[in-house]
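To keep things clear, I will list the structure first and then write my remarks on it.
The values are calculated or read from the model by the stated rules, or taken from the named source; none is laboratory data. Note that the structure is a prediction, hence the values are computed from the model and not measured. Counting neighbours? That spans all protein chains shown, and the Cβs are built from the backbone with ideal geometry, glycine included. When the accessible area is computed, the model is the full protein with side chains, heavy atoms only, and any ligands, DNA or RNA have been set aside. Shrake-Rupley method; radii C 1.70, N 1.55, O 1.52, S 1.80 Å.
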Amino acid sequence: MTTQILNIVFSIILLPVNFCCAFWLFREAMNLTGMTFKEFLTFTSDVNLEGASPQRRMRKRQRFLVAFFREKSSDPKKSIRLLWIFGICTLPGAAAMPLAVYSALNPENLKYAFIGNLLLVLINIIIVISGKIYRKKHPLDEAMAEKLEAKHSKEKEEGKKNRRKNIIVYSFVGAFFFGILLFFMLLIAGVDFTHIGTHGLSGKPTYSNSISREDVNAVLKEKGYETAEIPVTYWDIDENKLMYVCAGVKGDSKFEYYEYNNGETIDLVYNQISYNISPDMEPTERKKHETELSNDNKMFTIAVDGVYYLVLYQGNMLIYAYSPESLDEINDILIKLGYLNSQ
């Protein structure tokens with residue numbers, strides 16, 4: 001789950017990043033008018049777009065910009081061309097949103113979303129570098145550059161009074177919209193916000209006795225695990241009392257389910273597996289890695305050589321799982337199965 005959320009956040013952040021990277025194109029178009037962006041905003045504040053549909057507002061805004069540059073720019077064709085290229089260069093930002101949705105809907109294929117995000121980062125870097133090259137090859141004439149520099153200096157001086165206030169306001173607005181986008185993406189991802197604290201397992205976990213091998217197999221498939229003919233690791237421990245097993249593999253992660261015919265056996269199996277994971281650990285140290293579950297059942301978690309392990313028994317069922325990244329996804333599976341729930 002952590003990797004999935006990071007991919008979603010990565011995609012959402014690329015939206016404003018792309019706009020910032022491409023904005024030099026609009027600024028270059030503006031420079032040819034001799035106006036600063038602040039002056040442009042003041043000039044366009046009187047444009048009436050109320051009452052129109054989103055499509056009509058977009059077309060009206062486009063017509064206004066074309067008319068504006070034709071009237072104000074010293075080189076209208078060049079300004080309009082820069083405006084057109086600016087529109088194209090903001091497409092990677094728009095593409096970041098489908099990638100966020102893809103990450104939310106396809107947790108088993110996050111590598112493709114990550115690759116897509118990296119490609120968007122590369123495109124943004126190219127856009128920024130292109131801006132530096134463009135400015136070197138197409139400098140403003142000295143008179144226009146001096147005029148704009150004087151205006152920018154004046155606006156900067158006037159804006160010092162409200163600078164801190166503006167930073168706070170813009171940061172708040174940015175954080176608000178980022179939070180809204182992230183919230184909806186997590187809803188698409190199916191995050192249960194009532195269990196946000198269960199990765200740290202706030203409160204004492206409870207469990208369900210009604211979990212079957214078929215339930216485990218279904219959830220593992222849903223999470224992108226391969227379950228066909230996957231053997232379990234510890235089938236030989238008290239094999240004569242072992243009734244059902246189920247296992248799934250995804251990359252270097254594995255999740256195994258064991259069901260025995262009595263609860264006495266389960267405690268012995270739990271202790272044997274925990275010992276096999278960390279044979280050199282002292283009993284007092286091992287206790288520190290255990291979580292007490294209801295009905296005197298237990299969960300053992302530990303990281304050994306960069307691999308995270310979990311052993312859990314409840315009733316006559318035992319779970320053994322490991323992952324090289326974290327236990328987040330394994331905890332998600334346990335929560336979905338009903339093994340772990342915050343009270």
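Just a few scattered comments:
- For LYS151, the lysines whose Cα comes closer than 30 Å to its Cα, not counting residues fewer than 8 places off in the same chain, are LYS38, LYS60, LYS72, LYS77, LYS78, LYS132, LYS136, LYS137, LYS160, LYS161, LYS165.
- Nonpolar atom fraction for the chain, defined as the carbon and sulfur part of the 1.4 Å probe accessible area, stands at 59 percent.
- Given a 1.4 Å probe and the protein chains as shown, ASP141 ends up with an accessible area of around 90 Å².
- Residue-averaged 222 nm ellipticity for the chain, from DSSP H runs of 4+ at -39500 (n - 2.57), nearest 500: -19500 deg cm²/dmol
- Those trypsin sites (Lys or Arg not before Pro) in the stretch 92-171 that DSSP places in a loop and that have at most 16 other beta carbons within 10 Å: LYS160, LYS161
- Solvent accessible area, Å² - TYR308, 1.4 Å probe, full protein context: 90 Å²
- FRET efficiency, VAL9 to LEU122 (Cβ-Cβ, R0 25 Å, nearest 0.05): 0.85
- Listed residues TRP24, TRP84, TRP235 arranged by accessible area, highest first, probe 1.4 Å: TRP84, TRP235, TRP24
- Globularity index of the stretch 213-337 is 1.00 (Cα radius of gyration / 2.2 N^0.38 Å, N = number of residues).
- Each Lys or Arg adds one and each Asp or Glu subtracts one; over the other residues with Cβ under 11 Å from the Cβ of VAL245, this totals -2.
- Relative contact order (percent, whole number), the stretch 1-189, Cα cutoff 8 Å, 6+ residue spacing: 39 percent
- Nearest-10 value in Å² for the accessible area of SER73, using the 1.4 Å probe: 10 Å²
- Accessible area in the full protein assembly, largest first, 1.4 Å probe, for SER153, SER74: SER74, SER153
- Loop-located GluC sites (Glu not before Pro) in the stretch 208-259, at most 15 other Cβ atoms within 10 Å (DSSP): GLU229
- Remark: C-alpha extents of the stretch 1-189 on the principal axes read 57, 36, 35 Å, sorted largest to smallest.
- Spatially proximal lysines relative to LYS111 (Cα-Cα < 16 Å; intrachain offsets below 8 disregarded): LYS223, LYS250
- Average 1/r across all pairs of distinct alpha carbons in the stretch 257-327, invert it, and you get the Kirkwood radius: 12.4 Å.
- Here the relative contact order of the chain, from alpha carbon pairs under 8 Å that lie six or more residues apart, stands at 18 percent.
- By accessible area with a 1.4 Å probe, ligands and nucleic acids excluded, highest first: order of ASP75, ASP252: ASP252, ASP75
- Residue-normalised accessible area of the chain, given per residue in Å² at a 1.4 Å probe: 58 Å²
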